[in-house]
Structures are given as C-alpha cells and as structure tokens.
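In what follows, a single structure is set out as structure tokens and then discussed.
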Amino acid sequence: MTITNNPVENGVNVQALLGAREALSATPEAAEFTWRATCTWRKGTHSHSTVDGFTGLGAEQQHRATYEYDIDHPECFASEDNGATPVEVVLVGLAGCLTAGVASVAQFRGIQLRSVTATIEGQMNVLGILGADPDIRNGFDAITVRFAIDADASREDLEALIAQSQKRSAVFDVVANPTKILVELA
Amino acid sequence: MQTTAVIVGAGHAGLAMSRRLTERSIDHVVLERGEVANSWRTQRWPSLRLLTPNWQTRLPGRDYTGDDPDGFMPVADLVAALTDYARLAGVPVRTGTTVQTLRAGPHGFQIRANDDLVCARTVVLATGACARPVIPATADAIPPSVTTLTPLAYRDPGQLPDGGVLVVGASATGVQLAAEIHRSGRPVTLAAGEHVRLPRSYRGRDIFWWLEATGLLAERYDEIDDLTRARHLPSPQLTGTPEAVMTDLNSLTALGIRLVGRLGRVVDGVAQFSGGLANTCALADLKMNRFLTRADQWATASGLDHELPPAHRFAPTRVDPGTPLELDLTSGEITTVLWATGFRPDHSWLDLPVRDRTGHIRHDGGVVTGAPGLYLLGMPVLRTRASTYIHGAAADTGALAGHLHSFLDGH
C-alpha cells in the first residue's frame, strides 16, 4: 500500500516498519530475535527483574536504559506487596502489545487516534495455584480486554482495528497458543 | 526424444496450455503420471463438487453448454469433461508417464520419465497446487488408538470407525467434510484457524458472480498489495451442493458440530486449541462484510439496485464462550482425526535452483525466475486472483504461451 499525503500522525513510522518487513524478508537470519530478562530473588515472594539487552538484526542490541520491575504478591497472600503480581505483568504485556498494534494499524490505515485506553481483566480461581482442586487450572479462566478508542473512524473500522491488532500481536499469540518452555538448572 | 515443449501434468491447466501451444503450432508433449485428470480421479472424494458454478467452468475454446449453468459440477462430470476436452483438442498426452527428474540440459531441459530421457527447450509445470496434504508436526503426538487420515485418502464417512471425529481445518475441505461426516452420525469437532467466510449467494446471485462482476478475480498479481498473503489465503468456506447452501461456521454449529480454536499441539494425548477463536471469527466476518460492501457499492454504481434483492448482512459468527481449549484424545470420545490443514504442490522431482528459502518456486506471474524457458501453472493467484480457479487457466495459459513463444523466437 502506498501512503501519500497522509495527514494522520499517531507517532508510528509506518514506512520504517514496511521497510523493515521488506529488508528482513530478504535477510531472514536478521529477523531472528531473542528477548531476555533477568530475575533475582529478593525475599519471600518478592523478586527484581531487569531488561536491558536483546539479540536481533544479527547483533547484540541495547535498550536506551535498563528497565526494572519489582514483582511480588499482595498482602492478602501474606506477602509484602512490593510490586505487581506476575499475572498482572502478563496482563500489562498483553495490553501493551495490543495497544501498540492498534496504533500501528491505525497509522497504516490512515486513522487518526485521539485517545486509546485498554482495560484488561483476567479471571482466575486461585484454588488451582493453591493445589486445592485438581480440576481448576493454574492460569486464567479467561481474559477480557475492553478498548475505549476516540478516533476519526467508524465503529466498524475500529472493530477491524482491534481485530487486526490481535492478529499481529506477539503476546496475544503467546497467551492464546501453546509454547514450548524449557526450564533447567544452570 | 526431443521436443520443443514438455507440459508436466494433464489436468485442466496442462490441457489448456497444450491447446494454446497447438494454436501456435509449437511442437509439444504432455507427460501424465496416470490418466487425464488424474488427481480428480484418484485423490478427491466422490461427493465433491466444484466450488465454482458450472457457467464459470470454462477452458480455452470450451464454454459450459449443459443444462444446469447455476449448478456445481460433480468430480466425475469434471473428469469426463476434461477427458472429452483432451480428446477433442487432440492433446498429445503420454499417460502412465511419471517424471522422475527435471534438470538443465545442453539445449534447455532434460526430463527423465519412466527411465526415458526427453529433451525440451521449454517446460511447463502443471502438476497442480494440491498434490500433497500439509500436516502439522504435532500429528506425530496423536495417540495410536486414534485413526488419522488426509482428504487425499478420504472417500466417505463409511471408511471411518464409529465415534467422534476431530476435523482440523475449516476451509473449503474442512467445512465440507465436517458436515458430511457429522451427518453420518459421527459427532464432529471442528478446529478452526484463520479462514475465509463467504456466503454461497448474495442478493440472489452466486458469490462467484459477484467476485467476477466486481473485478476482484481479475486483480493482477503485480497489482496486489500483499501478494504473499494473497497466495496463501485459505480457500473460502464454500461448498458446491445441488441446494447451494451456505456452509459457514454458524451453519455447522447449527447442525450440532462443536467448534474449537486452531489446533496448537497435542501433549500427553491431549489436544490443545487456541484461545483466539473469537478473534479469528471476527476477522473473517469483517473481511466478508468488506467484500459485501464493495459488492453493494459496485451494484449501485452499475445501476443494478432495482434489479437485485436488497442489500443485507449475515449474522456474525457465533462463538460459544464455553468453547473448550483442550480435548483428551485418549478418552475414546474421538476415534478419528482428519487433517484438512491444506495442500501443497509436489515439485520434489525438480532438480533446478529455482526455490526460495521456504521451498516455493520463485516466479513472476508463472515465468520461473532463474530458469529461462521454465513455466509454472495452476497455482493460487499465479497471474490474477482467478488463477486459483479452473477458469483462470484460460487467461494464464494465453499469456504464458505468448511468453514461451517469444522465448523460442529469441533463441
């Protein structure tokens, strides 16, 4: 698609994304990325994670800064509540991924966004993680995301926008589909 | 043996190309591993009918002349029609001739077939897009107590054991077989990934009438925004039936078929399905409605609104909020898994450096890249969106025969 004289500005560089898609299709090894985080136990259920580097474009890459995350459980679980729970971080990841997708697809489709707010909820019966009922799973029973979007577009266009953002979302895929996970001792 | 052109495959595309070469007096032979229309004879289930209406099932020099232009041709009738076409056009077919290798030769190409050598300046690959089933890697994890089969081996529900059937894939093949198998008394669970929803008819006209009239099928490969995507689009959820019924997911769940998400993998005998089903269905509904809007706009612009029934929209696809994410394949509930997960061509005998990193032949509208004199036919969106369907071969073979002729003249 060629975008000409497009006055829409959502802060997404669509031409750069399209250029990357073309360049990475030509050099597929550069498209192989590895994302990383390091997590250190503090005390009790409290841990501290950092994110700084990742591998991609055939080289080691650095974020502009080291990003830090405290993870803990709330006081009702007899913890100190030094940060969000791990499952809330998953929700943050999913909402962030879908929102980035909404902005990118909107830019690509020429839709000017004024505001986007995603409210995300994950329902869970904690009898699963407590090991109290073998028929209840550990993870979410269901996740609901509600997007409030103020934009120059019809409701149908906005529905298409959030549908496409799910289709191209890495975290949506990670959550919705099985992934091979290997956990081992160093 | 020496000839100017070899066509590999005597299906509709190979036969149409032969007629084009004959029109240009280009000496050629068609090599066919079985008989004319071999895949249609041996690798399609008997109840299958073409998805395209009879009026559209035309080949170069042959329009449909039967008495049911709006019907859908049973496979047996198509086999008869193609056999007839080959005979009337005097197509030089060598049946029972399996090509073993195709490689570069001193004056073009060398083909080994039935242990004989054929030398040709040009070769046309017309062995079809659906030569082999695509089966996901997780198939290896299906418990041995469960029967598995592909559509190429499927004939009718009677060959399946009694009990539940998991049909994996909800494109044309999957929806069609899901309905047929469910009606045989074997409860079907249908795993649906990305799919293309289209109504069988809209405002009193078959959907292929709309696809043709609006110009969609005529869109050229070099004018399509995302050609890779267009070429890998799943086949639409359509069935050719005498009653011309719609076979979307709503009609299947109304029959009692259980809908689940895309099959992810099978772990310890348990099949896991994607939780993204609702979005997959929403995308298909949106895409269908975009086409219907385009169709309505075309009808208005063409002044046809007073001749056609009014515009309307179909009910959104219903997804049960309680859709299971897992199914235990060891419980005995499911006795058969049917892989309706797509097809791919078989060019394994091609010994030429013409493939991309994913194994697909690189080509520019059927002109194979890096092997002058080599042509490809019968692939989805080869030159236009119509290339996917039988009638698309007429324009494709016309253009490629012209290219082939110029190539020979340039030598």
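No value in this document is a laboratory result; all are computed from the given coordinates. Everything quoted here is computed from the prediction, not taken from an experiment. Methodologically, a virtual Cβ is constructed for each residue, glycine included, from the backbone with ideal geometry; neighbour enumeration extends over all protein chains shown.
Rule-of-thumb check for region A:1-107: C-alpha Rg over 2.2 N^0.38 Å?
On the way: Rg = 18.7 Å, N = 107, 2.2 N^0.38 = 13.0 Å.
With N residues counted in region A:1-107, Rg over 2.2 N^0.38 Å equals 1.44.
Does anyone have the angle between helix B:277-301 and the longest principal axis of chain B? Alpha-carbon axes, 0 to 90°, nearest 10?
60 degrees
Where nothing but the Cβ of Lys and Arg (+1) and of Asp and Glu (-1) is charged, how large is the charge dipole of region B:134-339 around its Cα centre, in debye to the nearest 20?
Details: 18 positive and 23 negative charges, 33 e Å.
Taking the Cα centre of region B:134-339 as origin, the dipole is about 160 debye.
Count the net charge of all other residues whose Cβ sits under 11 Å from the Cβ of B:Val175, scoring Lys and Arg as +1 and Asp and Glu as -1.
-1
Enter the Cα centre distance for the pair region B:330-396 and region B:178-252, rounded to the nearest angstrom.
For region B:330-396 versus region B:178-252, the Cα centre distance is 19 Å.
Give the angle, between 0 and 90 degrees and rounded to the nearest 10, that separates the Cα long axis of helix B:12-23 from the longest principal axis of the Cα atoms of chain B.
Once rounded, the angle reads 20 degrees.
Any aspartates and glutamates with Cα under 14 Å of the B:Lys287 Cα? List them, leaving off those in the same chain fewer than 8 positions away.
A:Glu156, A:Asp157, A:Glu159, B:Glu194, B:Asp248
Just want the answer: with Cβ charges of +1 for Lys and Arg and -1 for Asp and Glu, which residue in B:Ile142, B:Leu190, B:Thr317 is farthest toward the dipole's positive end in chain B?
Sorting the options by dipole projection puts first B:Ile142.
Taking the Cα centre of the protein assembly as shown as origin, sum charge times position over the Cβ atoms of Lys and Arg (+1) and Asp and Glu (-1), and report the length of that vector in debye to the nearest 20.
Working: 52 positive and 65 negative charges, 332 e Å.
Here the size comes out at about 1600 debye.
In peptide B:167-180, how many Cβ atoms from other protein chains are near each Cβ within 10 Å, on average? Can you show the working numbers first?
Values: counts 0, 0, 0, 0, 0, 0, 0, 0, 0, 0, 0, 0, 0, 0.
Mean shielding count: 0.
If Lys and Arg each add +1 and Asp and Glu each add -1, what is the summed charge of the other residues whose beta carbon sits under 12 Å from the beta carbon of A:Val89?
Net of charged neighbours comes to -3.
Taking the Cα centre of chain A as the origin, how large is its charge dipole in debye, to the nearest 20, when only Lys and Arg (+1) and Asp and Glu (-1) carry charge on their Cβ atoms? Don't skip to the end; give the middle numbers.
Working: 13 positive and 24 negative charges, 87 e Å.
So the dipole magnitude of chain A works out to roughly 420 debye.
Could you tell me the distance between the Cα centroids of region B:25-54 and region B:74-139, to the nearest Å?
10 Å
For chain B, state what percent of all Cα-Cα pairs lands in each successive 20 Å bin, counting from 0 Å until the bin that includes the largest distance.
Result returned by the calculation: 25, 54, 20, 0.
Just to check I understand the Karplus step: with θ = phi - 60° and J = 6.51 cos²θ - 1.76 cosθ + 1.60, what whole-Hz values come out for region B:34-43, glycine and proline as x?
Per-residue couplings from phi come out as x, 10, 3, 6, 4, 4, 5, 6, 10, 10 Hz.
Cut-off under 16 Å on the C-alpha distance; same-chain residues fewer than 8 positions from A:Lys43 excluded. Which aspartates and glutamates are left, in chain and number order?
Of all the aspartates and glutamates, those that pass the test against A:Lys43 - Cα under 16 Å, at least 8 places apart if same chain - are A:Asp70, A:Asp72, A:Glu75, A:Glu80, A:Asp81.
Once the other residues with Cβ under 15 Å from the Cβ of B:Tyr85 are scored (Lys, Arg +1; Asp, Glu -1), what is the net sum? Don't jump to the answer; show the numbers that get you there.
Numbers: positive: B:Arg19, B:Arg20, B:Arg41, B:Arg58, B:Arg62, B:Arg87; negative: B:Glu23, B:Glu32, B:Glu35, B:Asp63, B:Asp77, B:Asp84.
In short, 0.
Give the range of the longest stretch in chain A that excludes all trypsin sites (Lys or Arg not before Pro) found in loop regions by DSSP and having at most 11 other beta-carbon atoms within 10 Å.
Working: sites that count: A:Arg36, A:Lys180.
Here the longest segment lacking exposed loop sites spans A:37-179.
Explain nothing, just the number: relative contact order of chain B, from Cα pairs under 8 Å at least 6 residues apart, as a whole percent. Numbers along the way, then the final one.
Numbers: 801 pairs, mean separation 94.1, N = 411.
Relative contact order for chain B comes out at 23 percent.
Report, by chain and number, residues whose modeled amide H sits under 5 Å from the one on B:Gln43, excluding near sequence neighbours (fewer than 5 apart, same chain).
none
Choose one of B:Pro242, B:Thr358, B:Ile334: the residue whose Cα lies farthest towards the positive end of the charge dipole of the protein assembly as shown (beta-carbon charges +1 Lys, Arg; -1 Asp, Glu; about the Cα centre).
It is B:Pro242, whose Cα lies furthest towards the positive end.
How many Cβ atoms of partner chains, on average, are near each residue of A:169-179 if near means within 10 Å of its Cβ?
Details: counts 2, 0, 0, 4, 2, 0, 3, 11, 10, 10, 2.
Averaged over the peptide's residues, the number is 4.
Go ahead and estimate [θ] at 222 nm for chain B from helices alone: -39,500 (n - 2.57) per DSSP H run with n ≥ 4, summed, over the residue count, rounded to 500.
Details: 9 runs with 105 residues, N = 411.
Calculated mean residue ellipticity at 222 nm is -8000 deg cm²/dmol.
For region B:115-121, in order, what is each residue's ³J(HN,Hα) by Karplus, 6.51 cos²θ - 1.76 cosθ + 1.60 with θ = phi - 60°, in whole Hz (x at glycine and Pro)?
Result, ordered by residue: 6, 9, 9, 10, 9, 9, 7 Hz.
In chain A, which helices (entire DSSP H runs) extend 20 Å or more along their own long axis, judged by Cα positions, while averaging at least -1.0 on the Kyte-Doolittle scale?
A:86-108
Any idea how far apart B:Ala139 and A:Ser79 come out in nm if each label point goes 7 Å out from Cα toward Cβ?
Those two pseudo-labels are separated by 4.4 nm.
Of the options A:Ala170, A:Gln112, A:Tyr67, report the single residue whose Cα projects farthest towards the positive end of the charge dipole of chain A (beta-carbon charges: Lys, Arg +1; Asp, Glu -1).
The listed residue farthest towards the positive side: A:Gln112.
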